[in-house]
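Inspection log for the structure reproduced underneath, given as structure tokens.
The values are calculated or read from the model by the stated rules, or taken from the named source; none is laboratory data. Computed from a predicted model, the values in this text were never measured in an experiment. Ideal geometry is used to build each Cβ from the backbone, glycine not excepted, and the neighbour counts take in all protein chains shown. Heavy atoms of the whole protein, side chains included, go into the accessibility calculation; ligands, DNA and RNA do not. Shrake-Rupley method; radii C 1.70, N 1.55, O 1.52, S 1.80 Å.
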Amino acid sequence: MSYNSQNINIQSLGSWVSGDYTTVDVLRLDRIHPVISGNKWFKLKYYFEAAERTGKKTIASFGGAYSNHIAALAYAGRERGLKTIGFIRGEAHSPLSHTLAAAQSCGMELVFINRSDYRFKDAIIQTHADHGWYWIPEGGYGPEGARGASEILKLVDVSGYSHILCAVGTGTMMAGLVRTASANQEVIGISVMKGNEALQKAVDDLLDAGDQQKQHRILHGYHFGGYGKHPSNLVRFMQGLWENEQLPTDIVYTSKLLFAVKDCIEKKYFHKNSRLLVIHSGGLQGNNSLPPHTLPF
């Protein structure tokens with residue numbers, strides 16, 4: 001997989017800067033690739049290399065009907081000449097979601113698993129063990145995913161930032177950011193799931209002892225009701241963010257991240273003269289679940 005690094009840029013949110021803040025910038029990873037968007041390119045990179053190195057011809061993974069991971073995996077598999085299989089949470093519906101239809105058009109085989117059985121992923125993997133597939137954990141969670149995500153902060157000079165902020169689903173990207181951040185930088189994750197206190201351990205499990213000592217924390221108050229929930233006030237925030245900053249966000253991750261950043265700034269959560277770098281992790285395809293013309297971008 002490859003991408004054009006010239007597409008990546010840092011966007012300044014000038015209207016968010018007050019007398020107490022020097023910089024609020026967004027690293028636009030959403031521009032890295034139209035399908036393997038944002039952090040997905042990094043989280044998949046070393047899994048694909050491992051699959052090819054071991055001679056695997058089929059890659060299998062897990063995800064929901066609107067999973068960015070599934071969409072990116074299907075496209076990347078086609079580009080690399082590998083078969084992909086997606087084990088999808090929930091019953092099959094017709095028509096398929098935009099995400100699953102796109103994945104299927106890339107050649108991904110879809111296997112639907114009811115929500116009760118989906119929780120037992122190890123059992124599903126064991127059932128298919130004789131096929132010799134290469135398995136990627138849901139969302140790319142794992143050492144290979146964190147290793148790839150650790151390269152995100154090497155794209156640009158981040159030495160001048162005091163805080164690195166990102167949305168957190170599995171914790172893979174956050175772990176990668178912590179690995180690369182310097183000792184005087186704090187990495188802050190915004191959980192998009194309700195009450196998932198296990199996220200901190202999920203992140204720390206991907207860090208060695210030294211990196212676990214670096215400054216990092218997860219804020220849990222910005223889930224808007226739970227994973228994938230997008231009440232009208234969040235949609236209005238997304239609309240305003242586009243109108244004022246021409247910054248597109250998605251309903252699952254980046255909208256909640258940017259809302260949290262703005263709210264924390266207004267509540268003076270950060271110390272004076274903080275310099276904030278916000279990671280835009282892509283995933284805009286998830287907005288296709290909204291009614292047409294809901295968003296202006």
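Laid out as a table, the results:
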item	result
Max mean-square fluctuation residue, GNM over the chain, Cα-Cα springs under 10 Å, options V111, V178, V192	V111
Rounded to 10°, Cα long-axis angle of helix 39-53 versus longest principal axis of the chain	40
Nearest-20 debye value, the chain charge dipole, Cβ charges on Lys, Arg, Asp, Glu	80
3J(HN,Hα) from dihedral phi, the stretch 267-278, Karplus parametrisation 6.51/-1.76/1.60, rounded to Hz, x for glycine, proline	8, 6, 5, 8, 6, 4, 6, 5, 10, 9, 10, 9
Label-to-label distance, nm, for residues given as N288 and K268 (7 Å Cα→Cβ offset)	4.6
D_trans [Stokes-Einstein, Kirkwood Rh over alpha-carbon pairs] for the stretch 25-130, 25 °C, 0.890 mPa s, µm² s⁻¹	170
Antiparallel bridges, percent of DSSP beta bridges restricted to the chain (to nearest 5)	10
Length-normalised contact order of the chain in % [C-alpha pairs under 8 Å, at least 6 apart]	22
Highest-MSF residue in the chain out of E266, E138, E109 [GNM, Cα springs under 10 Å]	E266
Residue-by-residue Karplus 3J(HN,Hα) for the stretch 194-199, coefficients 6.51, -1.76, 1.60, Hz, glycine and proline x	7, x, 8, 5, 6, 4
Near-label residues of the stretch 81-115 by backbone N, under 18 Å of a point 7 Å along Cα→Cβ of K57	81-86, 107-109
Probe 1.4 Å, accessible area per residue of the chain, Å²	44
Cut-off 15 Å, label 7 Å out along Cα→Cβ of R275, residues of the stretch 19-33 by amide N	21-27
Cα pair distances exceeding 31 angstrom across the chain, given as percent	26
From phi via Karplus (6.51, -1.76, 1.60), per-residue ³J(HN,Hα) for the stretch 67-82 in Hz, x at Gly/Pro	5, 4, 4, 5, 4, 5, 4, 4, 5, 5, x, 4, 5, 8, x, 10
Above-threshold pairs, the threshold being 32 Å between Cα atoms, out of K56/K194; K56/K154; K43/K214; K40/K201	K56/K194
Solvent-accessible area, 1.4 Å probe, carbon plus sulfur percent, for the stretch 1-103	46
